[in-house]
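These notes are about the structure you will find just below.
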2 protein chains.
Amino acid sequence: MSDLIASWVDGVPGASIPVDDRGLHYGDGVFETILVRERVPRFLDAHLDRLRRGLAALAIDFPAADTLRAEIAQAAALAPPLAILKIIVTRGSAVQRGYRPSREERARRIVTLWPTAPLDRSLALQGVELAISPLPLPGYSPFAGLKHLNRLENVLASVQGGIGNTFESLMLSAAGQVISGISSNVFVVRAGGVLTPPVDRVGVAGVMRQIVLREAPRLGIVALEQGLTLDELRAADGMFITNARIGVVPVRRVGEHVFGMTEIVTRLRNAIEPLDA
Amino acid sequence: MSDLIASWVDGVPGASIPVDDRGLHYGDGVFETILVRERVPRFLDAHLDRLRRGLAALAIDFPAADTLRAEIAQAAALAPPLAILKIIVTRGSAVQRGYRPSREERARRIVTLWPTAPLDRSLALQGVELAISPLPLPGYSPFAGLKHLNRLENVLASVQGGIGNTFESLMLSAAGQVISGISSNVFVVRAGGVLTPPVDRVGVAGVMRQIVLREAPRLGIVALEQGLTLDELRAADGMFITNARIGVVPVRRVGEHVFGMTEIVTRLRNAIEPLDA
């Protein structure tokens, strides 16, 4: 029914998982969305590192990290020129019904290969437009930073009104703090440096966000994690969003506010994942 | 691997679902845990009503409500004397990757039948003991009240330390408000009436909670929804928890605090789901 290209469960080609998987029942697991370009998984070490940290935070034992890396290489070899590998690791099948794991579950690896298209070149150069999600979100999660499978906030923000023809929506906490885009992290350009909201209380520690925070100083650009209200965001010199699929993309409008283009975004993109890569 | 007795997917006997199901990827769905006693699903209308409301809140189109009711009846007919029917309805297989539904997904029904044991009679009479979860939770969710598939908070509260030999843990918000038990709703007895925290900002609107709120007034017991701190809970005359599996069960200890037994709990239990039913 979907546009899935291929899938493997615990290394075996297959398109189904048991109905007793705790990923289905509770969202008890984590995932990674990895861009595959010319059959090479991009930023694989960063993805696998975050996966490992997420599993540790959820107390999911995962001895198969090396096996998963080999499976990713095999899957990437079958990919079209541009594709997404989505990796899910769940706590596995329930040993018994109920929230509390028995500690005898065995983590399950689900590798899925999906088509993707490059971001339209004019959007990548001139910037995307974002709506502002009307869904107020909590400003705190005990799982802040993790890319876990409890993603109803993102789903519901994406079905609420106002997105229209925009690229996606900006998500805000009930207290008015900028959290992220529905599927991206958010940066603003201010005083020649870049700022992004911290992810220690809410949000996802995106791999591309981490790459920007690492690469910016190498380009002489100050990069900080700092909370942002919507007003503070609007007062910035520029804005961009990041994720593993699209890389670094300028934002030209949020709601009714129009941003100017800044050279910093182009410099970061060219250093990390150039348009013609 | 699990103790699952039987399962059906969209009415067909089977123990697997497609890897592209949005319930797995995002927790994009809802569930019900229904007690089946002597092959009769208990409080079925209340469960199906909540399921319907949850699906509507998540904007999941579900034309198969009558079909599901028939499937539940067929599954219950195969149940041992005491069993649990867990019903999951997801948005279905993804039409394309990404949070945003295409609106062309078709909801998937997953009916699973599990063994369960009656609560130990001495616990049911003398009360259970609860630990206090050390995991501070958000005091607000945009999905408050819904029994959705994003249940990592419950899972993590159940793996954190301190539960020991207790029945389960009491979950608190970061601001110190009582939310619920990990798999139960919480009531206190005060001044001859009963109080339970509201579920409009956080928590799950449990079916047994709703039955208690409905039945108490018929017994001349005032029942109110009101926020509770841990101190206010300890100051109460008594305490009980409710869920579809165990019914109405007194609590004799929370952390270090010991509660007395109150006649109200026995009266409510006998009116709703007597021990010898």
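The values are calculated or read from the model by the stated rules, or taken from the named source; none is laboratory data. All values reported here derive from a predicted model rather than from experimental measurement. Methodologically, a virtual Cβ is constructed for each residue, glycine included, from the backbone with ideal geometry; neighbour enumeration extends over all protein chains shown.
Among the residues of the stretch B:121-133, is there at least one that is part of a loop (DSSP other than H, G, I, E, B) and not assigned by TED's automatic domain parsing to the domain that holds B:S183? Within the stretch B:121-133 (the criterion being part of a loop (DSSP other than H, G, I, E, B) and not assigned by TED's automatic domain parsing to the domain that holds B:S183), the answer is no, since none of the residues qualifies. Restricting to the stretch A:204-217, and then to whatever is surrounded by 24 or more Cβ atoms within 10 Å (Cβ to Cβ) and not aliphatic (A, V, I, L, M), can you tell me which residue is farthest from the other protein chains (Cβ to nearest Cβ)? Selected residue: A:R209. With (1) surrounded by 22 or more Cβ atoms within 10 Å (Cβ to Cβ); (2) at the interface with chain A (Cβ under 8 Å from one of its Cβ atoms); (3) β-branched (V, I, T) as the list, and B:V89 as the residue in question, which single condition is left unmet? For B:V89, the exception is condition (2).
Among the residues of the stretch B:214-231, the one identified as in contact (Cβ under 8 Å) with a residue 24 or more places away in the chain, within 16 Å of B:P198 (Cα to Cα) and charged (D, E, K, R) is B:E225. In this structure, B:P136 does not satisfy being over 30 Å from A:Q160 (Cβ atoms) and not hydroxyl-bearing (S, T, Y). The lone criterion from (1) surrounded by fewer than 17 Cβ atoms within 10 Å (Cβ to Cβ); (2) farther than 16 Å from B:S141 by Cβ left unmet by A:V189 is number (1). Restricted to the stretch B:142-153, and to residues there that are over 12 Å from the mean Cα position of the chain (by Cα) and surrounded by fewer than 21 Cβ atoms within 10 Å (Cβ to Cβ), the residue that is farthest from the other protein chains (Cβ to nearest Cβ) is B:A144.
Residue count for the stretch B:176-201 under the criterion of being facing another protein chain (nearest Cβ under 10 Å) and either on the phi > 0 side of the Ramachandran plot or free of Cβ contacts under 8 Å to residues at least 60 places away in the same chain (or both): the result is 1.
Residues checked against (1) more than 8 Å from chain A (Cβ to nearest Cβ); (2) in contact with a helix residue (DSSP H, G or I) (Cβ under 9 Å, 6 or more places away or on another chain); (3) buried (at least 21 other Cβ atoms within 10 Å of the Cβ); (4) modelled with pLDDT under 95:
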position	(1), (2), (3), (4)
B:G14	no, no, no, no
B:R39	yes, yes, no, no
B:H47	yes, yes, yes, no
B:P63	yes, no, no, no
B:A77	yes, no, no, no
B:P80	yes, no, no, no
B:A83	yes, yes, yes, no
